[in-house]
Amino acid sequence: MSAAADRSGPRGLFVAGTDTGVGKTFVATRLIHALVAAGFRVAAMKPVAAGATRTPDGWRNDDALALAAAANVAADYATVNPYCLAAAVSPHIAAAEAGVHIETGPIVAGLRTLTVQADFVVVEGAGGWLAPISERQSMADVAQALRLPVLLVVGLKLGCLSHAALTAAAIRAGGGRLAGWVGNAIDPHFERVTENLASLERLLAMPPAAVMPYADRAERVAAISPAAARSLAQSALAGTAVEVLSV
Ligand SMILES: Nc1ncnc2c1ncn2[C@@H]1O[C@H](COP(=O)(O)OP(=O)(O)O)[C@@H](O)[C@H]1O
Ligand SMILES: [Mg+2]
């Protein structure tokens, strides 16, 4: 592949989580803000969303809207969120109910469209790494088809060490690359935070790209610094072209 072809390949991060509800959207929107502040043209994508509201413009998902609102590269809703499913259940069940078969082709095409206009595309997965999207495929297949390195959001709560290690092992087993991880304090009562962060650093074999504090309703101040975002983006861009196996 020529250098020119490499440069036109996918540029961005796939934001995965140790589970659903661990802060993928929380972290992804803040990452987008930080990348914008660092000078990047950033687009966002939520390829598969389950849980949507009917609006005059069609079905809309909150995560996709939040990600798109944070980005500074505008895009059609259908490009940001090619699969928007009504029911807030596992995507493969929501898709079956809607008579939709989720395929990676339209998702890859959406990323390609966004990559033309943006320096960097932040893509949020759905659920955990192996969340099914059909009888045969999971979000891991989506991540693999997109050929993006992975940012793993670890929801800091009891059980997160095993979930983080399992996710990292599954990413590697599929030929993907873990570009970084973020410790996200979703549980204000989680004990031994320092010890757990040290354990995560050992299990994931790298220090966290960021640690997000618990942000209560009164003061939603948690942010990722532009410097941290820039170094994460540089690590993602440096490794993107080589790490991936196709399915
Ligand atoms: N650091 C944090 N502090 C406080 N609340 C958080 C934090 N991270 C996430 N949350 C909240 O937890 C819930 C789940 O987060 P969300 O980003 O939607 O998870 P996911 O995208 O992984 O499903 C949301 O209500 C979100 O606002
Ligand atoms: Mg989300």
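To the nearest 20 debye, what is the magnitude of the charge dipole of region 14-136 about its Cα centre, counting +1 on the Cβ of each Lys and Arg and -1 on the Cβ of each Asp and Glu? Present the calculation step by step, with values, prior to reporting the outcome.
Working: 8 positive and 10 negative charges, 41 e Å.
That gives region 14-136 a dipole magnitude of about 200 debye.
About the Cα centre, and with charges only on the beta carbon of Lys, Arg (+1) and Asp, Glu (-1), how big is the dipole of region 92-149? Nearest 20 debye, please.
For this selection, approximately 160 debye.
Sort the chain into rounded, prolate or oblate with this rule: let a ≥ b ≥ c be the square roots of the eigenvalues of the Cα gyration tensor; rounded if a/c is under 1.5, and if a/c is not under 1.5, prolate when a/b is larger than b/c, oblate otherwise. Working shown, then result.
Numbers: a/c = 1.30, a/b = 1.17, b/c = 1.12.
Note, shape of the chain comes out rounded.
Would you work out which of V142, A227, V122 lies farthest towards the positive end of the dipole of the chain, given +1 charges on the beta-carbon of Lys and Arg and -1 on that of Asp and Glu, about the Cα centre?
Selected residue: A227.
Could you derive backbone 3J(HN,Hα) for region 32-37 from the dihedral phi with the Karplus parameters 6.51, -1.76 and 1.60 (θ = phi - 60°), listing whole Hz in sequence and x where the residue is Gly or Pro?
Computed from phi, the couplings for region 32-37 are 4, 4, 5, 5, 4, 5 Hz.
For every helix of n ≥ 4 consecutive DSSP H residues, a contribution of -39,500 (n - 2.57) applies; sum these over the chain, divide by its total residues, and give [θ] at 222 nm rounded to the nearest 500 deg cm²/dmol.
So the helix-based figure for the chain works out to -12000 deg cm²/dmol.
Taking the Cβ of each residue in Y77, Y214 as the centre, tally the other Cβ atoms inside 10 Å and list the residues starting with the fewest.
Going from least to most buried by this count: Y214, Y77.
Placing +1 on the Cβ of each Lys and Arg and -1 on the Cβ of each Asp and Glu in the chain, which of A98, L204, A88 has its Cα farthest towards the positive end of the resulting dipole?
Checking the options against the dipole of the chain, the answer is L204.
Where does each of D57, D76 land when they are ranked from fewest to most other beta-carbon atoms within 10 angstrom?
Fewest to most other Cβ atoms nearby, the residues stand as D57, D76.
Only counting other Cβ atoms within 10 Å, I'd like F26, F14, F190 sorted with the fewest neighbours first.
Ranked by crowding around the Cβ, least crowded first: F190, F26, F14.
Which length gain, in nm to one decimal place, applies between T53 and A69 when the Cα-Cα distance is subtracted from 0.36 nm times their residue separation? Before the final figure, lay out each step's value.
Working: separation 16, 0.36 × 16 = 5.76 nm, distance 1.68 nm.
Stretched out fully, the T53 to A69 stretch lengthens by 4.1 nm.
With the contact rule set at Cα under 8 Å and sequence spacing of 6 or more, what percent relative contact order holds for region 83-210?
On the way: 143 pairs, mean separation 26.2, N = 128.
Relative CO of region 83-210 lands at 20 percent.
Which whole-angstrom value gives the distance between the alpha carbon centres of region 117-143 and region 162-212?
What the calculation gives is 19 Å, centre to centre.
Throughout, read-outs are computed from the coordinates displayed, never taken from laboratory work. Owing to the predicted nature of the structure, the values given are computational and were not obtained by experimental measurement. Cβ coordinates were reconstructed from backbone atoms using ideal geometry, including for glycine residues, and neighbour counts include every protein chain displayed.
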